[in-house]
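J.: Okay, here's the structure, questions in a sec.
The values are calculated or read from the model by the stated rules, or taken from the named source; none is laboratory data. Bear in mind that the values here come from a model prediction, so they are computed numbers and not experimental data. Ideal geometry is used to build each Cβ from the backbone, glycine not excepted, and the neighbour counts take in all protein chains shown.
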Amino acid sequence: MPESGSTVSAAELSRLAGVTRATVSNWRRRHSDFPKPVGGSEARPQFELAAVRAWLSDHDIAPAESPIAELRTLIRAEATPEDVTRLMRGLRHGAAEWVADESAPAELARGVLPLLTKVQDTEGARSAVDALAERAMEHQPTTGVYPTPDRVAALMARLACGPPTGSFRSVLDPACGSGTLLAAAAGRGVGELYGQDSAPVQVERARLTVAAETGTEPDIRAGDSLQADAFPDLLVDAVLVNPPYGDRDWGVAELAFDTRWEFGLPPRLESELAWVQHAVAHLRPGGTAAVLLPPAVAGRPSGRKIRAGLVRAGVLRAVVGLAPGAAQPRHVGLQIWVLRKPAPDSPASDTVLFVDTNRIPPGSGEDRIAWDVVTESVVSAWEAFGSGKDPATKVAAAVSSIDILDDTVDLAPSLYVHETVDSEGVSDRIDAAVHRLGEAGAEFAAARAALAGWTESRGRSWRRVTIAELVKHGQVQWFRAQPPAGEQSGSGRVVLTAADIATGRLPSGTTSSARTAEEIGIEPGDVLVPAVRADHGDNRVVRVAGPEDAAAVRGPHLHTLRVDRERLDPWFLAGFLTGSDGISAARGSTARFDPGKIRIPVVSAVEQQHYGLLFRRFFQLRLAAARAAAAADDLADQVFTGLTTGALIPQEEQ
């Protein structure tokens with residue numbers, strides 16, 4: 001058990017107390033008896049946990065009662081990082097609950113196991129395991145430890161593993177981290193999962209997460225895959241990997257004569273190309289690899305020889321350019337390289353597919369990427385390319401190897417994917433865009449004219465209740481957000497997606513492309529909130545469902561708050577849900593959105609309706625402004641494209 005000096009950061013303190021980090025800062029400024037930092041830095045102070053808990057108790061501030069908060073508090077107060085690591089090694093996910101073997105600290109296991117089950121029931125298995133891993137890795141360097149986002153992992157799994165038919169039986173991730181890619185592969189029907197990671201805690205994290213989320217027990221081993229391959233003789237149907245970037249100490253001198261370097265010894269600054277060849281070396285003939293890489297790998301002069309070898313041998317089959325924000329590091333647009341080991345006696349492919357998703361209009365969400373559109377565009381192009389059809393679209397092109405093998409062998413998709421415009425009817429399309437802009441402008445003017453109904457106040461305070469309390473008393477049903485379902489099937493009903501909420505359009509998804517494991521229908525008055533936070537503007541994207549949404553089901557990553565309309569006005573709830581205080585309370589240091597932390601004023605039904613009417617007018621104003629801006633962007637894009645491709649020419653002014 002740990003010594004009495006366990007510490008917490010300001011972020012952990014805010015989670016413990018169920019408040020925002022700004023509130024913690026206010027406590028430090030306004031209360032002279034607030035515990036002083038005992039470590040850390042001025043920007044990231046550490047506080048003694050016992051002193052913090054005593055101060056909260058003295059000021060009648062009850063700690064947050066969520067299972068995840070209880071779990072974090074327990075393992076911080078009662079266990080060292082080493083204790084938690086031992087616990088993780090001894091943990092297993094049983095049929096209905098978590099169990100620990102004799103190697104786990106017995107006293108710690110007794111307290112943690114029930115909480116793990118509770119957290120899994122409320123937040124998901126990944127959140128439960130992540131809480132343990134964060135504590136276990138507290139004193140370890142975590143530079144470069146970034147999880148692969150679920151949507152990126154799902155796309156990579158679809159490219160490498162194909163339809164979930166069972167034809168792909170085995171997958172390897174040689175830098176598996178928390179196991180996101182392996183879990184995505186399991187969702188495509190893969191039954192044999194192999195992984196390796198240099199961090200022992202990550203090995204346990206991936207093992208526990210994948211087993212709990214998929215029901216498949218993976219074979220995950222510790223060690224550096226490049227310098228100490230734990231599966232030297234393993235050949236698999238697919239390799240999925242998001243390797244570490246920019247590693248200068250990857251072992252180039254020690255591995256100079258390694259048999260994996262079929263296309264040349266990677267230079268010291270090209271560790272990523274070592275991972276690419278490591279992935280190919282573990283493929284059976286006909287197997288496919290998807291590797292997530294930084295864009296510099298596509299064009300650095302030092303890697304030209306290896307890139308040329310991959311293209312010339314027909315191993316590099318596709319390069320998919322993602323928009324910045326898809327994954328860490330989020331300031332650059334990463335690429336997915338799709339590679340395939342040729343079958344014996346088969347001719348080398350002489351074309352490469354390039355897909356540039358930067359050409360797809362941005363969507364809602366934290367990363368500003370319209371993932372449903374991106375995924376459909378990439379997969380459709382890949383499937384067409386694989387079946388011998390022309391995959392050419394405005395975002396994709398098949399390019400001859402001869403056109404790639406020049407002096408630079410630059411693999412950037414933007415060099416090969418070009419905008420094409422059908423010159424016939426371009427003026428009619430632009431006239432239609434002008435008309436849509438006029439309609440959107442009129443809608444905005446009408447919404448602006450309807451603004452009225454408020455007056456100044458000296459300030460008002462309310463008694464407030466949380467969403468969780470409203471749920472407890474039956475005023476709200478909370479249907480928590482769910483991830484996309486692994487298989488592509490369903491009832492055939494239309495789906496309301498997060499992108500539909502952001503743009504204000506009618507439900508546009510289908511259960512074949514965007515569905516959750518449990519289909520939850522939408523009723524008029526439902527308040528729908530995206531589960532993942534976005535930038536400042538999208539923080540306020542909420543939808544109160546109307547009659548036009550009633551035929552749809554809820555899409556992935558959306559919370560549904562279904563109100564008892566006799567006791568709670570949905571527009572009143574939506575307004576306070578998206579106010580500044582609500583946003584700050586619901587969104588902490590993580591990217592997940594938790595409506596249960598928002599506090600709603602307790603007022604009469606009549607007063608709720610007054611607030612709700614005003615909130616509704618401003619929701620309509622925002623939506624009208626967004627539609628007008630989108631119509632203006634569409635018109636400008638069409639004219640610019642026409643001018644820059646030669647489909648339009650300027651007229652001389654009279």
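J.: Taking ASP356 and the conditions (1) under 23 Å from the mean Cα position of the chain (by Cα); (2) more than 27 Å from CYS176 (Cα to Cα); (3) acidic (Asp, Glu), which numbered condition does it fall short on, given that it satisfies the others?
T.: That leaves (2) as the condition not met.
J.: Which residue out of ALA160, ALA222, ALA175, ALA228 is surrounded by fewer than 21 Cβ atoms within 10 Å (Cβ to Cβ), within 27 Å of LEU265 (Cβ to Cβ) and touching a Ser or Thr at 6+ places or on another chain (Cβ under 8 Å)?
T.: On the way: ALA160 fails: surrounded by fewer than 21 Cβ atoms within 10 Å (Cβ to Cβ); ALA175 fails: surrounded by fewer than 21 Cβ atoms within 10 Å (Cβ to Cβ); ALA228 fails: touching a Ser or Thr at 6+ places or on another chain (Cβ under 8 Å).
Result: ALA222 is the single residue among ALA160, ALA222, ALA175, ALA228 that is surrounded by fewer than 21 Cβ atoms within 10 Å (Cβ to Cβ), within 27 Å of LEU265 (Cβ to Cβ) and touching a Ser or Thr at 6+ places or on another chain (Cβ under 8 Å).
J.: Would you point out the residue of the range 288-301, among those that are in a strand (DSSP E or B) and among the aliphatic types (A, V, I, L, M), that is nearest to the chain's Cα centre (by Cα)? Spell out how you get there, then give the answer.
T.: Quick first cut of the range 288-301, residues in a strand (DSSP E or B) only: 288-293.
Next, only the ones that are among the aliphatic types (A, V, I, L, M) stay: 289-293.
Numbers: ALA289: 21, ALA290: 18, VAL291: 17, LEU292: 15, LEU293: 17 Å.
The selected residue is LEU292.
J.: Just wondering, is there one or more residues in the range 454-464 that are surrounded by 12 or more Cβ atoms within 10 Å (Cβ to Cβ) and more than 25 Å from ASP633 (Cα to Cα)? Write out each step before concluding.
T.: In the first step, residues of the range 454-464 are kept if they are surrounded by 12 or more Cβ atoms within 10 Å (Cβ to Cβ); the result is 464.
Still in the running and more than 25 Å from ASP633 (Cα to Cα): 464.
Yes.
J.: Can you spot a residue in the range 302-315 that is closer than 23 Å to ALA279 by Cβ and assigned to a strand (DSSP E or B)?
T.: As a first pass, look at the range 302-315 and keep what is closer than 23 Å to ALA279 by Cβ: 302-315.
Adding the requirement that they be assigned to a strand (DSSP E or B) leaves none.
No, because not a single residue in the range 302-315 is closer than 23 Å to ALA279 by Cβ and assigned to a strand (DSSP E or B).
J.: Of all residues in the range 393-407, which are of a type outside the set (D, E, K, R) and either outside any loop (DSSP other than H, G, I, E, B) or surrounded by fewer than 16 Cβ atoms within 10 Å (Cβ to Cβ) (or both)?
T.: Step one: list which residues in the range 393-407 are of a type outside the set (D, E, K, R), which gives 393, 395-402, 404-405.
Scanning the range 393-407 gives THR393, ALA396, ALA397, ALA398, VAL399, SER400, SER401, ILE402, ILE404, LEU405.
J.: Name the pairs whose Cβ atoms lie under 8 Å apart, with the first residue in the range 104-118 and within 16 Å of LEU208 (Cα to Cα) and among the hydroxyl-bearing types (Ser, Thr, Tyr), the second modelled with pLDDT of 90 or more and not in a loop (DSSP other than H, G, I, E, B), and 6 or more positions between them or separate chains?
T.: Qualifying pairs under 8 Å: THR117/TRP98.
J.: Considering each residue of the range 412-442, count those that are within 30 Å of GLN651 (Cβ to Cβ) and part of a helix (DSSP H, G or I), and give that number.
T.: 17
J.: Restricting to the range 339-353, count the residues that are farther than 21 Å from ALA238 by Cβ and within 34 Å of the chain's Cα centre (by Cα). Full working, then the answer.
T.: Initial filter on the range 339-353 (farther than 21 Å from ALA238 by Cβ): 345, 347, 350-351.
This time we only want the ones that are within 34 Å of the chain's Cα centre (by Cα), so: 351.
The number of residues fulfilling the criteria is 1.
J.: Another one. Give the range 74-96 a look and list any residue that's touching a strand residue (DSSP E or B) at 6+ places or on another chain (Cβ under 9 Å) and buried (at least 19 other Cβ atoms within 10 Å of the Cβ), or say none.
T.: Taking the range 74-96 and keeping what is touching a strand residue (DSSP E or B) at 6+ places or on another chain (Cβ under 9 Å), we get 76, 87, 90-93.
Those that are touching a strand residue (DSSP E or B) at 6+ places or on another chain (Cβ under 9 Å) and buried (at least 19 other Cβ atoms within 10 Å of the Cβ): ARG76, LEU87, LEU91, HIS93.
J.: Output the qualifying pairs, or none if there are none: Cβ atoms under 6 angstrom, residues six or more apart or on different chains, first residue in the range 299-325 and in contact (Cβ under 8 Å) with a residue 12 or more places away in the chain, second residue among the aromatic types (Phe, Trp, Tyr) and outside any helix (DSSP H, G or I).
T.: ILE306/PHE263; GLY309/PHE263; LEU310/PHE263; VAL319/TRP337; VAL319/PHE354
J.: Mind checking which residues of the range 598-654 are among the charged types (D, E, K, R) and farther than 30 Å from SER461 by Cα?
T.: Looking only at the range 598-654, we keep the residues that are among the charged types (D, E, K, R), and these are 599, 607, 616-617, 622, 627, 633-634, 637, 652-653.
The answer is ARG627, ASP633, ASP634, ASP637, GLU652, GLU653.
J.: Here's a check for you: in the range 443-453, which residue that is assigned to a loop (DSSP other than H, G, I, E, B) and touching a helix residue (DSSP H, G or I) at 6+ places or on another chain (Cβ under 7 Å) is surrounded by the fewest Cβ atoms within 10 Å (Cβ to Cβ)?
T.: Going residue by residue through the range 443-453, those that are assigned to a loop (DSSP other than H, G, I, E, B) are 450-453.
In the following step, the residues that additionally are touching a helix residue (DSSP H, G or I) at 6+ places or on another chain (Cβ under 7 Å) were identified as 450-451, 453.
Numbers: ALA450: 13, LEU451: 12, GLY453: 10.
This residue is GLY453.
J.: Next question. With more than 16 Å from CYS176 (Cβ to Cβ) and either surrounded by fewer than 21 Cβ atoms within 10 Å (Cβ to Cβ) or modelled with pLDDT under 95 (or both) as the only criterion, which of ASP258, ASP237 stands out?
T.: On the way: ASP237 fails: either surrounded by fewer than 21 Cβ atoms within 10 Å (Cβ to Cβ) or modelled with pLDDT under 95 (or both).
The conditions single out ASP258.
J.: Also, I was wondering about something else. Which residue out of VAL252, VAL241, VAL236, VAL276 is under 30 Å from the mean Cα position of the chain (by Cα), more than 30 Å from ARG92 (Cα to Cα) and of a type in the set (Val, Ile, Thr)? Don't jump to the end; show me each part of the working.
T.: Details: VAL252 fails: under 30 Å from the mean Cα position of the chain (by Cα); VAL241 fails: more than 30 Å from ARG92 (Cα to Cα); VAL236 fails: more than 30 Å from ARG92 (Cα to Cα).
Of the residues listed, the single one that is under 30 Å from the mean Cα position of the chain (by Cα), more than 30 Å from ARG92 (Cα to Cα) and of a type in the set (Val, Ile, Thr) is VAL276.
J.: A further question on this structure: Taking the range 29-61 as the region of interest, how many residues are touching a residue at least 40 places away in the same chain (Cβ under 8 Å) and part of a loop (DSSP other than H, G, I, E, B)?
T.: Looking only at that region, the number is 1.
J.: Further question: Name the residues in the range 97-133 that are surrounded by 14 or more Cβ atoms within 10 Å (Cβ to Cβ), modelled with pLDDT under 90 and in a loop (DSSP other than H, G, I, E, B), would you?
T.: Within the range 97-133, just GLY124 meets the criteria.
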